[in-house]
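These notes are about the structure you will find just below.
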Amino acid sequence: FWNVATGELIYTHEHAHDNNIWCLKYSAGEKILASSSSDFSVKVWKVAMRDEKVSSLSLQCVIKNRKNEACRALAFLDAEWNTSSGTVILVGDAKGNMFVASTKTGEILSYIQNGHETRIWHFDLMY
């Protein structure tokens, strides 16, 4: 994590995944960070703050892509999607599949196979 105003390095977390990280998304309301990777997973991290700076990350859950494809695009979904399983996240993979999963339990709640003909690079959701 960097302070964009000063360029100061605030926090690093090494070896978060076993392969390339493609996307990071932060939910300020939930204080969670999601990371997607070529290791076929999305990891959800609880972000601890001290003096308005990141002090640590703790692994909250791991969401495994059941198709063993690189997870690429991420987007937290609107509060109306939230369930007793916590906040939910939309994930797009390298083969065009999409799925919605719980950021609390890692459970895949919905899966759309071959939603696109090629890999999904980015989600831009508007509410």
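The values are calculated or read from the model by the stated rules, or taken from the named source; none is laboratory data. Given the structure is predicted, the values throughout are model-derived calculations rather than measurements. Don't worry about glycine lacking a Cβ; one is built from the backbone with ideal geometry, like all the others, and counts go over all protein chains shown. With ligands, DNA and RNA removed, areas are computed over all heavy atoms of the protein, side chains included. Shrake-Rupley method; radii C 1.70, N 1.55, O 1.52, S 1.80 Å.
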Residue satisfying all of: in the stretch 46-59; in contact (Cβ under 8 Å) with a residue 40 or more places away in the chain and more than 18 Å from Asp18 (Cβ to Cβ); most open to solvent (accessible area, probe 1.4 Å) among these: Lys53
message: If Ile120 satisfies all but one of (1) open to solvent by 60 Å² or more (accessible area, probe 1.4 Å); (2) aliphatic (A, V, I, L, M); (3) modelled with pLDDT under 85, what's the number of the condition it fails?
response: (1)
- prompt: Does Ala73 fit the bill of being of a type in the set (A, V, I, L, M) and closer than 19 Å to Trp121 by Cβ?
  reply: yes
